[in-house]
1. As a test of the formula, what do you get for chain C when each DSSP H run with n ≥ 4 contributes -39,500 (n - 2.57) and the sum is divided by the residue count, at 222 nm and rounded to the nearest 500 deg cm²/dmol?
2. Semi-axes of the equivalent ellipsoid for chain B, please: Cα gyration tensor eigenvalues, times 5, square-rooted, ordered largest first, whole Å.
3. In a shell of Cβ-Cβ distance under 11 Å around A:Gly232, excluding A:Gly232 itself, what net charge do Lys and Arg (+1) and Asp and Glu (-1) give?
4. Roughly what % of DSSP beta bridges within the range C:3-111 run antiparallel, to the nearest 5?
5. Nearest 500 deg cm²/dmol is fine: what mean residue ellipticity at 222 nm does chain A get from its DSSP H runs of n ≥ 4 alone, each adding -39,500 (n - 2.57), divided by its residue count?
6. Considering only C-alpha atoms, what is the centroid distance from the range A:308-324 to the range C:72-87, in Å?
7. Can you tell me which lysines have their Cα less than 28 Å from the Cα of A:Lys510? Leave out same-chain residues fewer than eight positions away.
8. Take the range A:116-219, drop everything but the C-alpha atoms, weight them equally and run the Debye formula without solvent; then report log10 I(q)/I(0) at 0.17, 0.23 Å⁻¹ to two decimals.
Amino acid sequence: MAISLDGGIPSGSIERKWDDYKFSVKLVNPANKRKFNVIVVGSGLAGASAAATLAELGYRVTMLTFHDSPRRAHSIAAQGGINAAKNYQNDGDSVQRLFYDTVKGGDYRSREANVYRLAQVSVNIIDQCVAQGVPFAREYGGLLDNRSFGGAQVSRTFYARGQTGQQLLLGAYQALARQVRLGNVELNNRTEMLDLVVKDGVACGVVARHLVTGAVRSFSGHAVVLATGGYGNVFFLSTNAKASNVTAAWRAHKRGALMANPCYTQIHPTCIPASDDFQSKLTLMSESLRNDGRIWVPATPNDVRSPDQIPESDRDYYLERRYPAFGNLVPRDVASRAAKREVDSGHGVGPIQNGVYLDFESAVDRLGREVIEERYGNLFQMYERITGEDPYKKPMRIYPAVHYTMGGLWVDYNLMSNVPGLYVLGEANFSDHGANRLGASALMQGLADGYFVLPATIGAHLAPLLGTEPVPTDDPVFRDAEANVDAQVHRLLSVKGTKTVDHFHRELGKIMWDHCGMARSAESLDEALTSIPALRDEFWSDVRVLGENESFNQSLERAGRVADFLEFGELLVRDARHREESCGGHFRVEHQTEEGEALRNDDDFAYVGAWEWTGEGNTPELHKESLTFDNVALAQRSYK
Amino acid sequence: MKTLQDSTKTSDDNAKGSTRRPTNPIRRFWSSAVGKKWVMAVSGLALLGFVFVHMVGNLKIFLGAVHLDEYAEWLRTLGEPALPRTVVLWGMRLGLIAAFGLHIVAAAQLTRMNHKARPVRYQSRRDYVAANFASRTMRWTGVIIALFLLFHLADLTWGTTNPDFVRGDTYDNVIASFERVPVAILYILANIALAIHIFHGSWSMFQSLGWNNPRWNPIRRYFAVTFAAVIAVGNISIPLLVVTGVVGK
Amino acid sequence: MDLNLKVWRQAGPDATGRFEIYPMHDVSEDMSFLELFDVLNEQLETRGEEPVAFDHDCREGICGSCAMMIDGRAHGPERGTATCQLHLRKLTDRETITVEPWRAAGFPIIKDLAVDRSAFDRIVEAGGYITAPTGAARDANEILVPKQASDAAMDAAACIGCGACVAACPNGAGQLFTAAKYSHLSLLPQGQPERFTRVVSMVEEMERWFGSCTNHGECEAACPKEISVNFIAMLNRDYVKAQFKNPALSGQRH
């Protein structure tokens, strides 16, 4: 199939593109909006804000979430904050600077026009959230407070204690709840989308399974919006919530939507290491800890002395040694790889030698315990609750973990995938972060997509459909999709093997982490390309899913998700294998500078790699959207 | 899902959250649990005032028969000459009856609501952290107080349970009653129940009325403890000192 | 460590439930309480028995999905901690741990330990929002919010909607959840125009599902975010005030 990847970027100067676009896009008359039904899947920041805004505009919205309440979506766990080019601190920030920082931070693998628009609407997001009652941190005079985040040179991050994601999500959830009460949104909770329905090449609905009753139901609409989050759980252990999955995106992919840049995965350097094999997920500790903590490992491998018994002379402050200028504050990916190097070479600390120390002893000596307590008190408490160790007495143990995924379904400037009528928002799409996301930008992108971008761009698809009814749910395309969902559910139940779903998920995670984690090589990836299909075959012949379809069956839910991860994981590895360069969240050991930094190959790889599903067992087909940089000059990062 | 109030409504009604409440503002206020708790707090406040004044008056027993009888007579003549004899007293009595009535009816209705709110109880033992003996036994101490009140009226107002009762002879009536050991014990136990009830009620009242200011909040607990203790000591001292013969004819 | 897990098993909303005792051997003290259930479920599935159904998601104490009555306490014995953040090292003194679902009319049981908490969504839909259509907002810094007010609003807004307050309340009351949501919005200047309609509709919706508050304080003790009952007083006061407000005067200042 010939697919032309046209991003549909409006012409004109980058500053004018969005405004010109909004003027030229087709509008739907206010009285006609109620004639359109839009299906929104996912109730996180992007989904909830989109559903609420579309409903406010007058569209009829059907919301699907597999959670028991929209408020549970994993956006809620974001701690740090949300960026916006408000320049309230008068420190030289601007739309231009946020745009520049985001493109550069993304290692020049994002679309300039999308990123510029993101920076432009960032200021509206803050206004919107404050109007909704999001309790952002304030100065004593009553004005909004900001902080600098993730090494940014300006203070542009708005925050609500360590719970910014929660507060922003509650704001969007409340706006959504209001529309539910008004009857403009039909809320379907505990309803998991399991297939996308496409008729004549156009997305016309979804098929979903009710998680309590097992009932499979079709939903028909004039457009389908996926806001279903990222795929970090393909690694099994990640900071994602347990239920976060790739299923909705993957099933859309199998119906024709292209999956772009899946190999861009972000690893966060300061997580609490796993304590044993039963560990179910990893917990993130704010990156701000690196501002005052010193990272070290014992200088000799397999030194099992307790940290207070290891004298200064036997310690290796490896970041300070290797990167004297930035020291412990090197970027996330550099810090992560350095930690991996230490652990891999036997310098790891902790009961199973899988971490490095983050030590506050000198900070406490220098600043006093009170200052440290004020800055990091709640983080120290969280650490102690999880590990049972007091970080004032014993250095923290940290290790990198998968945290966010930049890749996702391919979308154009309108956030529409290559399947007309299918829109993808938030972490589920690939669009704005390139190969690496800046701290405090995920929340910004989710809300930008949902509050401001989609409500403006969806008219382009809907306006020409005026007067048409959605495809009825008894149409053969829906029947086929329902049968497809039924078949998969029953296939899972009928294997009746010997190993649990979690066993396969954990095994897949090990393969992904060991062979396609922080550092990837041609050999490791090739190995994964053989071991993943083997594991997948084993899954389909030996998985044990008990119970039946017609009840609340959490193993069955998970089995479907893991089945998709087993297919998706292979695509991720394939993408990583083909991208012969290192950039952002993708590090190939073959492509690094002499100092061990990521080495991009702009001549051959300055493109979006979008993969097309070509059927089970077939090699997916790669399509390229080349990236041009007219407003930011390409440069190499250096942190020496 | 079924709501607590109406089992005849369809689940569709419930999902839309259609609340059918009375339009009359008083009935609407009364129909809400928060409204009823407010009524309980206000009536409770009135009853606290009564209990306190009643105690202060009764403590005159330690000044001797003349003082107590004089006080009792003053109550009957209060408001004279503007109003006929006992009109103010009856006004206060009616107010008290109303306060008791509202307090009890609201409590009964809320208790029913709360039973409906947890139709299936926990099957394992609860481990309470904040709820104390007083707060969890309000309905029992309340019932004890109500029953005691009827006896108390029969004993010292109507005289039906007091063989030596002489109308208007307050001091002698009290002594005659409390000299009986079982009656004295009954009074003492009932006043312990009253103190326990007051201990939670006089704190809870602030919450139900919304009198809450972090700066003053510690005082609320202090007040509740002091008030309950004063009432307990004051009221119990009378039967105790009578039955032990310290105070007598 | 070794322990016995005594878990409530119930096949469906209308099925009769019972306790089952599962001996757990050699479990690590570093395990979280939900990981203990992961291990139990793997064992059950390997033996061919249906795993225990329980709601969970973020496992870092913020999504509010997890909900277990552990030895008679909502979320277990550690203060200010959701079930997912409770670790076995805090339970080493116990031989048998009894786990039940939340019990309340407003939280019907779905299966085993999973309950339906949609009633909370109904309360928020009834008025737990500030009407602010997208795009209509003025510049964020035009609204001054005193730091103390913003901090207090944040204290209330920290609620994760887990339902421990209802579960712990001897009366099955939903007052702390409703008060937290209400106070978050009504402490802020942005929340003032709808303040008195909000309190009435939220309280009336709450009372359709839950019992009444008699000020035990058990909710605050069980709350994983330690939200104060002071907010309940605020809710009560505003509900009564709302009865005496003339809506036509709501544009007037004081």
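1. -10500 deg cm²/dmol
2. Whole-Å semi-axes of the equivalent ellipsoid: 40, 22, 18.
3. Surrounding charge for A:Gly232 is 0.
4. Values: 12 of 16 bridges.
Restricted to the range C:3-111, the bridges split so that about 75 percent are antiparallel.
5. Computed mean residue ellipticity for chain A: -11000 deg cm²/dmol.
6. So the separation of the two Cα centres works out to 38 Å.
7. A:Lys242, A:Lys254, A:Lys281, A:Lys340, A:Lys496, A:Lys499
8. Debye intensities relative to I(0), on a log10 scale: -0.95, -1.21.
The values are calculated or read from the model by the stated rules, or taken from the named source; none is laboratory data. Here the structure is a predicted model, which means the values were calculated and not measured. Methodologically, a virtual Cβ is constructed for each residue, glycine included, from the backbone with ideal geometry; neighbour enumeration extends over all protein chains shown. With ligands, DNA and RNA removed, areas are computed over all heavy atoms of the protein, side chains included. Shrake-Rupley method; radii C 1.70, N 1.55, O 1.52, S 1.80 Å.
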